[in-house]
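The next block holds one structure in the form of structure tokens; read it before the comments.
What follows draws every value from the coordinates through simple rules; no lab data is involved. Just so we're clear, the structure is a prediction, and the values are computed from it rather than from any experiment. Virtual Cβ from ideal backbone geometry, glycine too; neighbours counted across all protein chains shown.
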Amino acid sequence: MQKRVPYFIITLLAMLVLASCTSAPFVVEPKLTFVPPIRLKVSAIKLENQSDQDAVPRFSESFRLSEKLQQAVQAWSDAHLLSVGGNIAGIDTAYLVINQAVLKETQLPRPSGIAGAFIEAPSERYEGEIDVRLETRDVHGFTARSASAQVKQTRYAYAKMTLSEREALWSAIINNILVTLDQALKQRIATHLGSLIDMAP
């Protein structure tokens, strides 16, 4: 007589198989801990994401990577733009506006003919772009003064790369963008919004 496998065991096995097929979520941790933050004499710094959500197709790899880039910018802002309190000429709030933050994946054509069999050509191109500005506004909500920075970076992936190697590549792109953004925007803030910088140790 053939024994029947209990239903709960079948369910448990199915859940284990499904879990083994699902990769852990891709996480980006901005590696800028060695960079000192910039202290601003305002009571609050508000983030506004105005990035074009239609710049890449929804539910695509590009959309997912762009979300990761935008989240990384927010994490950078929280850690490296600090409000220490203050009110200069009625200004007590600064706004970090993300004009654009996208990381696009483009599938590249494979070389044809004999060359395609011997040449290891990249299979995907990743183009990261970020455009942000830090601004103050007057009592009517219009921009009073601002400092902006734009960063672009392009990297390539190859078909033989593992998922871990691709995630390392994506993290490197995002972190390199943030490092460049940090340097560029802080220089522009010093130039255009210097009166807001708190120089106290």
Set the Förster distance to 41 Å, then compute FRET efficiency between A121 and Q183 from the Cβ-Cβ distance, nearest 0.05. 0.80
Based on the Cβ-Cβ distance from A190 to R155, what FRET efficiency comes out when R0 is 35 Å, to the nearest 0.05? 0.75
Please give the peptides 68-77, 140-149 ranked by average Cβ packing (other Cβ atoms within 10 Å per residue), highest first, as a rough proxy for protection. 68-77, 140-149
Once phi is turned into ³J(HN,Hα) by the Karplus curve 6.51 cos²θ - 1.76 cosθ + 1.60 with θ = phi - 60°, what whole-Hz value does each residue of region 150-157 show in order, with x for glycine and proline? 10, 9, 10, 8, 10, 9, 10, 10
Between D198 and residues 5 or more places away or on another chain, which pairs have amide H atoms under 5 Å apart, with H built 1.01 Å from N, and which residues are they? R39, L40, K41
Measure of size requested: the Rg and Dmax of region 36-196, with Cα atoms as the atom set and Å as the unit; please supply both. 19.2, 70
